[in-house]
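Data first, discussion second: the structure below is written as C-alpha cells.
The values are calculated or read from the model by the stated rules, or taken from the named source; none is laboratory data. All values derive from a computational prediction rather than experimental measurement. With ideal geometry, Cβ positions are generated from the backbone for all residues, glycine too; neighbour counts draw on all protein chains shown.
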2 protein chains.
Amino acid sequence: MKKYLLTPGPTPIPENANLAMMKPIIHHRTPEFANIFEEVIEGLKYIFQTKNDIIVFAATGTGGMQASISNFLSSSDKILVIEGGKFGQRFSKIGKSYGLDVIPIEVEWGKAVDPEIIRQKLDSNEDIKAVYTTLCETSTGVLTDIKTIAEIVSATDAILVVDAVSALGVCELKTDEWNVDVVISGSQKGLMTPPGLSFISVSEKAWAKTEDSNLPEFYFSAMQGKDKLSSFNTPWTPAVTLLQGLNAVIKDIKKQGLENLLNKYAKLAKATRSAVESLEMEIFASQPANAVTAIKAPQGIDSQEVVKYMRDELGVIISGGQAQLKGKIMRIAHMGYMEEFDMIVAISALEVALKKLGYDLELGKGVAVAQNILFE
Amino acid sequence: MKKYLLTPGPTPIPENANLAMMKPIIHHRTPEFANIFEEVIEGLKYIFQTKNDIIVFAATGTGGMQASISNFLSSSDKILVIEGGKFGQRFSKIGKSYGLDVIPIEVEWGKAVDPEIIRQKLDSNEDIKAVYTTLCETSTGVLTDIKTIAEIVSATDAILVVDAVSALGVCELKTDEWNVDVVISGSQKGLMTPPGLSFISVSEKAWAKTEDSNLPEFYFSAMQGKDKLSSFNTPWTPAVTLLQGLNAVIKDIKKQGLENLLNKYAKLAKATRSAVESLEMEIFASQPANAVTAIKAPQGIDSQEVVKYMRDELGVIISGGQAQLKGKIMRIAHMGYMEEFDMIVAISALEVALKKLGYDLELGKGVAVAQNILFE
C-alpha cells in the first residue's frame with residue numbers, strides 16, 4: 001500500500017533533499033562543509049526573517065527548547081509560559097527541571113492566549129526574565145498572535161522566546177520586524193528534512209542574557225556555537241547529511257519565495273477547513289494555524305478509530321489528539337512538502353474512513369469544496 | 001510542483017525497487033548475479049503464467065518485438081498482423097524491414113479485432129507462419145480476446161505472438177493454458193521497473209521454428225539466450241541494476257498475489273471509466289483494457305490542451321492520443337505502481353483541467369463516483 005504522510009512532523013522529504021543526503025559523506029572540518037554550512041545559515045536567516053545569529057544543534061526540537069532556557073537564565077529566575085497545549089507545557093517542564101520559577105498562563109486547549117493577560121502578568125511581575133510561547137501549538141492547531149505579544153514583551157526587560165518548530169516557513173513570523181528574541185525550530189516540519197536538526201535564532205537582547213546565565217549547559221551552549229559560527233563550523237560534530245538535505249530544501253524554498261510558500265499553505269489549510277465544514281464537522285482551534293488543522297470528531301466517533309482506519313486501510317497517515325484530546329480530534333498537516341493533491345487525498349480518505357465508521361456523509365462532497373478552493 | 005506519473009509507461013517505480021537499484025553494482029559473471037537472475041526468471045514465469053523458457057534482453061519493448069520476428073521466421077515468410085493501433089502497426093514495420101510478406105488485418109482504432117477474421121485469413125492462407133497481435137493496444141486502450149484467438153491459431157502450424165508489453169501483470173494472460181507461443185513484455189509498465197529490459201517467453205512450437213529461421217539476428221538471438229539460461233546467465237552483458245530492481249518488484253508481486261493484483265487494476269479501471277462517464281464523456285475503446293483508459297475529448301476540446309494543462313499546471317502527467325488520435329483522446333494509465341488514490345488524483349485533475357478549458361462540469365462529481373467504487 002502506498003503511504004501518504006500527512007502528520008504534523010515528520011513531513012515528506014522532497015526528492016532533491018533525499019538525493020543530496022545520498023551524496024558521499026564529507027568530513028565536517030573541511031572547506032566543503034563550511035560552504036554548505038554558510039549556505040544553510042544564510043538560508044535559515046531568510047526563512048527566520050532575521051539578521052540575528054542562528055545556532056544549529058544536532059538534536060530535535062526539544063533540544064532547541066532546552067537551549068532556549070538553559071542559555072539565557074539563572075537558577076530561580078522567573079519565566080512566564082503560555083500553556084495552551086502539549087508544547088507550551090513542555091517549556092514549563094524544562095523550566096522546572098532547571099529549578100526556575102515558572103509562572104504558567106493556562107489557556108483552554110483550542111483557544112488562543114489573550115495577549116492582554118501577558119501584559120498584566122508582566123506588569124505585576126517585573127522580575128520575569130523571559131516569556132515562552134508557541135507560534136503554532138501543534139497539539140491543538142492554534143495560532144498565537146506573536147506580533148501583539150512581541151509588542152508587549154519588547155517593551156520590558158524580558159526576552160520573548162517562540163517555539164516555531166512546527167510553523168517556521170509555514171505561518172508568518174517576522175522575527176526582526178516584530179522583535180522576537182529567540183525563535184526555535186527543527187528540521188522535520190516546514191523545513192522538509194528528516195528529524196535531527198534544531199535551530200535557535202538569538203537577538204542582541206538575548207545574547208546579553210547569556211552573560212549572566214548560570215544554568216549548567218554544555219552540548220546546547222549557544223556561546224560555543226557562536227564562537228564557531230564565524231568560520232562556518234560547529235563546536236561538536238554536526239549532523240552532516242541532514243545539513244546537506246536541508247541545504248537542498250533551502251535552495252528550493254528560496255527559488256519558490258517564502259511569501260509564495262506561506263500563501264500556498266494558507267490555501268491548503270483554507271481548503272481543508274472548508275471541506276471539513278461542508279461535511280458538518282467543526283474545526284477545533286478558535287484561531288487556526290495554517291500548519292495543521294485539528295478537526296473535532298463527530299458525535300459518537302472516536303478519532304483514534306478514524307486515524308487507525310485511514311492508516312491501516314487507506315495508507316493515509318494523519319494524527320489524532322494527544323493527552324486530553326485523545327479520541328476527540330483528528331489532525332491533518334499542511335506543513336512541509338505538501339501540495340494541492342495531498343489535500344485531495346487526505347480529504348477523500350477522511351470521507352471514506354468516516355463513512356465506514358458510521359458517519360452519515362456523501363462521499364466527494366468535501367473533495368469538491370476543496371477542489372474549488374485549491375484550483376480556483 | 002509534485003509530479004504524478006499516470007502515463008502508460010514508464011510507470012512510477014516502487015521505493016523497494018529504487019533502493020535495490022541503489023545497491024553496489026555487481027559483476028554479472030558471479031554466483032551473486034546468477035542467484036538474482038534465477039529469481040527473476042522464476043518470478044517472470046509466475047507472472048507470464050508459463051513453464052516456457054523466458055529470454056531476457058537489455059532492450060526496451062521494441063527489441064523484444066524484433067526478437068519475436070527475427071528468431072522464428074525466414075525470408076519472405078507470410079505473417080498475419082492485427083493492426084488496430086500504433087503497436088500492431090509496429091509489428092508490420094518490423095516484418096517488412098526483414099522482407100517478410102506481411103498480411104495486415106486492419107481494425108478500426110478503438111475497436112477490437114473479430115477473431116473470426118483471423119480464422120478466415122488462416123484458412124485461406126495455409127502458409128502463414130505466425131500471427132502477431134497485442135494484449136492491450138496501448139494507443140487505443142483496447143483489449144484483444146487472446147484466449148479465442150489462441151484457440152484458433154493453436155489448431156494451425158502458425159505460432160501466436162502476443163505483445164503484452166503494456167499489459168503483462170495487469171490484464172489476464174494465461175500463456176500456457178491458452179496456448180500462446182510467444183509473449184513479449186518490458187520492464188517499464190506492469191513490472192514497475194525503469195525502461196531497459198525486454199522479455200519473450202518461447203513455447204516448444206516456437207523453439208521448433210528457430211531451427212529453420214534464416215533471418216539475420218545476433219543481439220536478440222533467443223537460442224544464444226537459451227544456451228546461457230541453464231547457468232542463469234546471459235550471452236552479453238545484462239542490465240544488472242534493472243534486474244536488481246525487477247527482482248524487488250517480483251518479490252512484492254508474489255507477496256501480493258497475481259490474482260489480487262489483476263483484481264486491483266480491474267477496480268482502478270472501472271472506477272476511472274465510471275467517473276468519466278459520470279462527467280458525460282465517452283470511453284474510446286469498445287472493449288477496454290484495465291491497463292489504460294482512453295477517453296474521448298469532449299466536443300470542442302483539444303485533448304492535447306487537457307494533457308498540457310494537467311502536466312504544466314497540476315503536475316499530473318497523462319498521455320494524449322497518437323497519430324490520427326492526436327487531439328482526440330486522453331489516456332490515463334492504471335498499470336504499474338498505481339493505487340486507489342492515484343486515480344482520485346487523476347480524476348480530480350482531469351476535472352479541474354476540463355473545467356479550466358471550458359467544459360461544463362461540476363467539480364468533484366467524477367471523484368465521488370470513483371470513491372464509491374474504489375472504497376466500496
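Quick notes on this structure:
- Residue count for the range A:316-349, restricted to those that are in contact (Cβ under 8 Å) with a residue 40 or more places away in the chain and more than 24 Å from the chain's Cα centre (by Cα): 1
- Residue list for the range B:79-130, filter: basic (Lys, Arg) and in a strand (DSSP E or B): B:129
- Which listed residue is in the same structural domain as residue B:233 (by TED's automatic domain parsing) and free of Cβ contacts under 8 Å to residues at least 12 places away in the same chain, from B:31, B:104: B:31
- Cross-chain or 6+ apart pairs with Cβ under 7 Å, the range B:361-372 first and at the interface with another protein chain (Cβ under 8 Å from one of its Cβ atoms), then part of a loop (DSSP other than H, G, I, E, B) and surrounded by 24 or more Cβ atoms within 10 Å (Cβ to Cβ): B:364/A:364; B:367/A:364; B:368/A:364; B:371/A:364
- In a residue-by-residue description of the range A:351-372, the property of being at pLDDT 95 or above and closer than 21 Å to residue A:139 by Cα applies to no position.
- Only one of the listed residues (A:189, A:121) is of a type in the set (Lys, Arg) and within 11 Å of the chain's Cα centre (by Cα). That residue is A:189.
- Taking the range A:199-232 as the range and being free of Cβ contacts under 8 Å to residues at least 12 places away in the same chain and basic (Lys, Arg) as the test, only A:228 passes.
- Against the test of being within 30 Å of residue B:147 (Cβ to Cβ), touching a Phe, Trp or Tyr at 6+ places or on another chain (Cβ under 9 Å) and surrounded by 15 or more Cβ atoms within 10 Å (Cβ to Cβ), the options B:44, B:6 yield a single qualifying residue, B:44.
- Among the residues of the range A:316-333, the ones that are at the interface with chain B (Cβ under 9 Å from one of its Cβ atoms) and surrounded by fewer than 22 Cβ atoms within 10 Å (Cβ to Cβ) come to 0 in all.
- Some residue of the range B:198-215 being in the same structural domain as residue B:71 (by TED's automatic domain parsing), farther than 18 Å from residue B:130 by Cα, crowded, with 24+ Cβ neighbours inside 10 Å and out of contact with any Asp or Glu (no Cβ under 9 Å at 6 or more places or on another chain): yes
- Selection count where residues are within 14 Å of chain A (Cβ to nearest Cβ) and not aliphatic (A, V, I, L, M), scope the range B:1-55: 11
- For the range A:174-197, the set of residues classified as part of a loop (DSSP other than H, G, I, E, B) and crowded, with 24+ Cβ neighbours inside 10 Å consists of A:180, A:181, A:187, A:188, A:189, A:190, A:191, A:192, A:193, A:197, listed by residue number.
- Looking across the range B:339-360, the residues that are under 11 Å from residue B:6 (Cβ atoms) and within 9 Å of another protein chain (Cβ to nearest Cβ) come down to B:342, B:345, B:349.
- Test: residue A:336 is touching a strand residue (DSSP E or B) at 6+ places or on another chain (Cβ under 8 Å), within 14 Å of another protein chain (Cβ to nearest Cβ) and at positive phi: no
- Checking each residue in the range A:56-71 for being in contact with a Lys or Arg (Cβ under 9 Å, 6 or more places away or on another chain) and closer than 13 Å to residue A:181 by Cβ picks out only A:71.
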